[in-house]
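The values are calculated or read from the model by the stated rules, or taken from the named source; none is laboratory data. Here the structure is a predicted model, which is why all the values come from computation and not from measurement. Heads up, the Cβs are rebuilt from the backbone with ideal geometry, glycines too, and the neighbour counts pull from every protein chain shown. Protein only, heavy atoms only, side chains kept; ligands, DNA and RNA dropped before computing areas. Shrake-Rupley method; radii C 1.70, N 1.55, O 1.52, S 1.80 Å.
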Amino acid sequence: MADLSLRTDAAHGVDGAVHEAASVGDFVQLLKPRVMSLVVFSGFAGLYVAPGHIHPFLAAVAVLCIAVAAGASGAINMWYDRDIDAIMRRTRNRPLPAGRMDPAEALGFGVVLSLLSVLVMALAVNYVAATLLALAIGFYVFVYTVWLKRRTPQNIVIGGAAGAFPPMIGWAATTGEVSLVSLALFALIFMWTPPHFWALALVKNGDYRNAGVPMLPVVAGDTATKRQMLVYTVLLLPVALVPCALGFASLAYAAVATAMSLVFIGFSLRLLGDAENRTAMKMFGFSLLYLFVLFAALIADRALGLA
Amino acid sequence: MDMKQPAGGDAPRPTARTTTNGVATPHVVTAEARRRQRRKNWALLIVLVGLSVLFYLITIVRMGNHG
């Protein structure tokens, strides 16, 4: 019950007041628009590179559904995590911990958008894509947010699967199926997620410790985290080359993927010898670039007919 | 305290709010809150119209695909 009382307090905002007039901007903020951009791009990449044809308008609807579902999951996540968001400096100005929005309003917003995105995907595109979309939302909300996030330092390793769904959903939107290549794209984001998130967690370590979130740097310390980041970045290199092994991507993609993966490994090695964690934010920034460049290379492969 | 709302203007409007123990307390709706509510209403209208257009276009495109 102690947890419940903490939640109720946090729902009233850090200043203890209830502000009932949330603005349109607050609802937009609830959708985590910055996180959405990478989700949308990877979803579009999966849709574009998949063999087959989809009507351009339905392709746009599929991407819109992926974006809305990602935002809706983010809104439900913010509703559930409003107590710890109020403690962390990075998140305390979000609409719920800042007391600019009623928690029930945020939950309703997230649930309605989730249902709507799956429904539209099913009606406009196909049932496979809609099922995968529903799985991604469910995984993010129930497996990551509710079950893993506050219980294990492996939270973002397993929970990272939720963020790996978009290219598979995009692929299914075009082909109506799940294939080995779409699983390879899933694996790429799955292996990329731990070093990406832990780079940020190293910098925001104090925030997570204060909030009681067992991120790996909080539980195992910086050095153990950096070693695991190195392991994941090394494993990421062969995973990034799987599309080539499956005959789906060209040698040009292989060259780009190898170069980017080697730089990523280089960042991990530099971070391992960096006691002040000055490299962490640079590595976090590079990790975003890494994924954008690899998916852009796959899109270019398909557009130029190289594969 | 007069609980009636004024007919118009930007002056704060006192309204009644019932607390959990059933006691009605005065609650002032400020001009800023009303502006925000108006913006939300417009946003909701745009979303609903957009959704209607979206469903219409989806129907047209899907019927075209199977026609």
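Heavy-atom accessible surface of residue A:80, to the nearest 10 Å², is about 50 Å², with a 1.4 Å probe and all protein chains retained.
Within the accessible surface of the protein assembly as shown, defined with a 1.4 Å probe on protein heavy atoms only, the carbon and sulfur portion equals 68 percent. On a per residue basis, chain A carries 41 Å² of accessible surface, using protein heavy atoms and a 1.4 Å probe. Springs between alpha-carbon atoms under 10 Å, Gaussian network over chain A: tell me which of A:240, A:164, A:122 tops the mean-square fluctuations. In this elastic network of chain A, the residue with the biggest mean-square fluctuation among A:240, A:164, A:122 is A:122. Counting only DSSP H runs of at least 4 residues, each contributing -39500 (n - 2.57), and dividing by the residue count of the protein assembly as shown, the helix-based mean residue ellipticity at 222 nm comes to -23500 deg cm²/dmol. Of the whole protein surface, residue A:55 contributes about 60 Å² of accessible area at a 1.4 Å probe radius.
Between A:96, A:154, A:122, the Cα set farthest toward the positive side of the dipole of segment A:9-177 (charges on each charged residue's Cβ, about the Cα centre) is that of A:154.
When the Cα atoms of segment A:218-307 are aligned to their principal axes, the ranges along those axes come out at 46, 20, 18 Å in descending order. Which residue, A:180, A:31, A:291, has the most motion in a Gaussian network model of chain A that connects Cα atoms within less than 10 Å? Its mean-square fluctuation being the largest, the pick is A:180.
Structure remark: mean-square fluctuation, Gaussian network model of chain A, C-alpha springs under 10 Å; the largest value among A:78, A:36, A:168 belongs to A:36.
Estimated at the nearest 10 Å², the accessible area of residue A:102 is 80 Å² with a 1.4 Å probe.
Only lysines eight or more places from residue A:204 in sequence, or on another chain, were considered; those with a Cα closer than 21 Å are A:32, A:149, A:226, A:282.
Note on the protein assembly as shown: Cα-Cα pairs beyond 31 Å make up 44% of the total pair count. Its Cα centre serving as origin, segment A:9-177 has a Cβ charge dipole (Lys and Arg +1, Asp and Glu -1) of approximately 460 debye. When A and B come together, around 1400 square angstrom of accessible surface is lost from both chains combined, probe 1.4 Å. Segment A:133-171 and segment A:257-289 have Cα centres separated by 24 Å.
Remark: mean inter-chain Cβ contacts per residue of B:56-64 equal 3, using a 10 Å Cβ-Cβ cutoff to other protein chain atoms. Among the helices of chain A, those built from whole DSSP H runs whose Cα atoms reach 27 Å or more along their own axis and whose mean Kyte-Doolittle hydropathy is at least -1.0 are A:56-80, A:103-124, A:155-175, A:180-203, A:222-245, A:251-272, A:279-304.
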